[in-house]
Structures are given as C-alpha cells and as structure tokens.
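Everything on this sheet refers to the single structure shown next.
Derivation of every value follows stated rules applied to the coordinates shown; laboratory data play no part. Note that the structure is predicted; figures quoted are calculated from it, not measured. Every residue, glycine as well, gets a Cβ built from its backbone with ideal geometry; the counts of neighbours run over all protein chains shown.
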Amino acid sequence: MNLRILKKLSKRAAPYLPLLGDNRQQFPAEWHNYHGFIIRAKKHWERHVSVHADAFRSYEGEYVIAPKCREGTRYPYIHIRPPSHPWPGTIMVGAMEGYYEPEWDEECAWGALCTMVFGEFTDWDAYARDDLTGRVLTRRLRTPADIFRAADEMIAERCPK
C-alpha cells in the first residue's frame, strides 16, 4: 500500500464508520497526523540528509545511504524511512480517550474500518486456545474488496430492511 491508496481507501471507508457505530470525529488529515501503518512503497518513504551514518531512532525499515555525489559535502548521508504521516486530506477519525488523563487518539478511517471488520470476523475462542492451525479468521479478508464486502454484511445485519 502507498499513501495515495491509503487516502482513497480512507475516503471510501469513512461513510461506513457511523453505520457500524463508530461515532468519533471525522476530519481531513493535516501535516501532523499519524496513520499507524507501515508503508512499503519506497517511492513514498521520507528522505532526510544527515551528518551521521547511524540511525538515531528505531524506525522499522529505516536505512542510511551514502551516495558518491554527496562525498565531501556537509551532509554526506541520507536517512530513508517509511512515512508516519498521511497525505493531507486523508480522512482521519479521532476522539479524546482516557479517564483521569484523557488524550487525543486518532487513526485513519481505513484502519478503523479494518479493526472493526477483523474484530467481528475473528474466532476469539481459537485465538484464546492458541490454536496454531491458522483458522483464527472466520472468513477471507485479504483484499480491500473483501473488507468492504464484510462491512456491507455487518451493516445489513445491524439494519435489516
């Protein structure tokens, strides 16, 4: 998945959330939001110049390159890591959570829909038994089409016509 696809899936998932009972605030992302996914498309990875050859923070998949064209310059290294911020306009859902010290919690609409669908179609008894047969999900949920199909079925169960 890349950031463009994440934005499109979030836009498509946003109308499903209120129908499934998620009443958190929906808003378009700005530059400081976090999506919570690992973006594997390296075209969209963040690139930062640095004087240091080692990574300061532990990002999954981060690596450092030293291109020959940058030898002898002030910043000879480039840190490359997956992006943690969605594109502006990606639909996000968020709310204040917590009792004594409430904090703002947010995720993209696609992540919220996936969480609801996977939670509904998980065999929690097999999960608790530590059953390693690979049959924890009760239906196939491999593609976005499968997830939207399952969400349609969940809505049909909740709101019979």
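Assorted remarks:
- For GluC sites (Glu not before Pro), the sites in the stretch 1-75 that DSSP calls loop and that have at most 12 other Cβ atoms within 10 Å are Glu30, Glu60, Glu71.
- Between Thr90 and Ala29, the built amide H atoms are under 5 Å apart, and every one of these is 5 or more places off in sequence or on another chain.
- Rounded to the nearest whole Hz, the Karplus-based 3J(HN,Hα) values (6.51 cos²θ - 1.76 cosθ + 1.60, θ = phi - 60°) of the stretch 140-148 follow the sequence 6, 9, 9, 10, x, 4, 4, 5, 5, with x at glycine and proline.
- Pairs of lysine residues in the stretch 1-87 - Cα separation under 21 Å, sequence separation of 8 or more or cross-chain: 6
- Compactness check for the stretch 48-129: Cα Rg over 2.2 N^0.38 Å is 1.73.
- Of interest is the spacing of the C-alpha centroids, which for the stretch 75-118 and the stretch 1-73 amounts to 9 Å.
- In the distance distribution for the chain, Cα-Cα pairs more than 23 Å apart total 55 percent.
- By the Cα gyration tensor, the stretch 1-91 has an equivalent ellipsoid whose semi-axes, rounded to whole angstrom, run 35, 11, 11 from largest to smallest.
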